[in-house]
C-alpha cells in the first residue's frame, strides 16, 4: 500500500523535514543539511528504482497540494539563519555518513530527528515504506524487528529510538548532550524516558479497543499523564531549565494526544495541565516544530490505520 | 561517591537479584531490606510512588527505581570503582543497549505473562513466544561477545550478563517445575554455555537464589493463584 497522506507542514516552520530519496551511494555527505522540497525533486531525477518513483510521484503531488501557511518574512529569515548556523555546527562534526531510516509520522523516528536537530548533526532522512513492502536496506539493517527508526552511521545500524539518543550523546561528544552529566539525574532521565513509552502503548489501546479493555486503557492513560505532570512539576523541562532526554522522548507523542483525548474522552489540560503547557513550550523550539506533524494529520493517519486493521 | 546504599527488595525477585549482582561486582556494601509485598513499607511506597515495586536502590537518601536503571546508575555513579558494565566504544555500547532492550521487551516481559494469563492455551502460546525470543537472543550473544568469550561482555561480564543473570534461578526453577527448558543446549548452545560459565562465577554463587527455594515459592504461588481462580 502506498502512503496516501503527504507529510503535513508544521504551521510554525517553512523548511520541512521532507523525506529525502534514499541513495545507496553518494560521494560527499559532509555538506548535507535538511533540504527543502525543491532540492528533493531535483535529487529525485537521479534515481529510478520503484521506491523512488513512488516517492517522487508522492512528492510532486505533495508539492502541488501543499500551499504553505502564511509565511511571514521573519519566519523565512529565522529559518535561513538557522540553516547557516547548522552548517557551521556541522563543519567537522560529521564523522562519516549518517542515514536515518524513518517513517514520517513515527514518534520514535521523530525522537531521533529532534535529537539530531538539537545536536546540530547533519544526516540524510530516508522515508521507509512500512505499510507495503519493506525495503531491503531496512530488512538488512534491522533483521530482528524490521522496524524504524534505524540510524546508519558509516553503514552500521543503531536501532531503538532511546538507544539512538544515547548513541548520539556517546558518539558526538562536542554536540550539546541530551542526558545530564550527574549520575542521579541520568537515572531519573532514563526512568522517565522509558516511562513516556507508555503514552503511546496505552494510546494505541485507546483507539484500537472497546468495552472493558478500553476502560482499562483510559484509566491507565489518566494515571500515566498524572504521573508525568507530577514529575514535571513547575519546571520548564523535565530535567530543569534545559530541554533534554525526557523532553525529546515524550514530545513526539503530543500531536497524538488530541486523538487520544477524543477516543478516551478526557482533556489533557484538565488531567495534566503542566504537561499541556510544556508541550506548547516545546513546540516553540525549531527542532520540535520541524519534526512534528499537526494533530490533524496524525488523526487522519489513525483513521487510516483503523481501516487497515478493520476496526470500527 | 560516598553515601550509604540501601536496597529494598525481595529474595526471590530476579529484578532485585540484578541489582545485587551489580552491587557485588562493584564491591559495594549496602543494607539489604527484605520487603513484604503484601504489606509494603512506607519507605518503599514513598521511594517508588509510580510502581510501588522492588527493587529500589536508595543512595544517600535518593531513590532509584527499575532494575535496568539501577544497574546503569551503579555503573555511572561508581565509574571509578571495579569493572565497567558497558563497552567503551559508542557503537558497541549501542549494540549492547539494543540487546538489553530485547531481553526486557521480548524475553522477560513475555515470560512474565506466563504467570498472568489464565488459560493453559494462553500459557502455551506465551511460552512459545518466549522460547522464540530466546533463540533470537542466541544471535545477540554471538554479536555482543564478538567471539571474545562466553559472556555478552566478552571474556568478562557486563550489562546484559547482569540483566539475564538475575533470571538464572528462575530459568532453572522453570525446568524443574514444568520440564520446559528456556535455555536448551541443542537450540541455544551459546546461551547454555553462557549459563554454565555464569553460574561458576563467585558473584553468581554468592548472590543467586537457591533454585529449590524458588521452586517451592513458585509452587506456593501457583497454588494461591489456583485458589483465587476457583473462588472468583
If neighbour count is taken as other Cβ atoms inside 10 Å, put B:195, A:304, B:127, A:221 in order from fewest to most. A:304, B:127, B:195, A:221
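Quick one: pull the percentage of alpha-carbon pairs in segment A:94-171 with a separation above 22 Å.
The share of Cα pairs beyond 22 Å in segment A:94-171 comes to 14 percent.
When the Kirkwood radius is taken over all Cα pairs of segment B:5-78, what Stokes-Einstein diffusion coefficient follows at 4 °C and 1.567 mPa s, in µm²/s?
Values: Rh = 12.0 Å.
After rounding, the answer is 108 µm²/s.
Percent of alpha carbon pairs in segment A:253-312 separated by more than 18 Å? Before the final figure, lay out the partial values.
On the way: 754 of 1770 pairs.
Cα-Cα pairs of segment A:253-312 separated by over 18 Å account for 43 percent.
Defining a contact as two alpha carbons under 8 Å apart and six or more residues distant in sequence, what relative contact order in percent does chain B show? It would help to have the intermediate numbers written out before the result.
Numbers: 286 pairs, mean separation 46.2, N = 232.
20 percent.
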Estimated inter-spin distance, residue A:304 and residue B:221, nm [label 7 Å along Cα→Cβ]: 4.4
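Would you please put A:123-130, B:90-97, A:108-115 in order of how densely packed they are, using the mean number of other Cβ atoms within 10 angstrom per residue and starting with the highest?
Numbers: A:123-130: 21.9, B:90-97: 20.2, A:108-115: 26.1.
By packing density, highest mean first, the sequence is A:108-115, A:123-130, B:90-97.
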Just order A:204-213, B:63-72 by mean Cβ neighbour count inside 10 Å, highest at the front, would you? B:63-72, A:204-213
Can you give the three extents of the C-alpha atoms in chain B along their principal axes, from longest to shortest, in whole Å? 54, 46, 28
Per q in 0.15, 0.18, 0.19 1/Å, what log10 I(q)/I(0) does a Debye calculation on the alpha-carbon atoms of segment A:183-309 return? -0.69, -0.98, -1.08
Can you give me the Cα centroid spacing of segment B:166-232 and segment A:108-183 in angstrom? 36
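Starting with the highest mean, order A:232-238, B:178-184, A:165-171 by the number of other Cβ atoms within 10 Å, averaged over the residues of each peptide. Spell out each step's value before the answer.
Values: A:232-238: 14.7, B:178-184: 16.4, A:165-171: 22.0.
So the order, starting with the most tightly packed, is A:165-171, B:178-184, A:232-238.
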Under a no-solvent Debye model with one identical scatterer per Cα of segment B:90-216, what's log10 I(q)/I(0) at q = 0.11 Å⁻¹? -0.37
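Each reported figure results from applying straightforward, stated rules to the coordinates on display, with no laboratory input. This one's a predicted model, so the numbers in the text were calculated from it and none came from an experiment. When we count neighbours, we look across all protein chains shown, and the Cβ atoms used for this are built from the backbone with ideal geometry, even at glycine.
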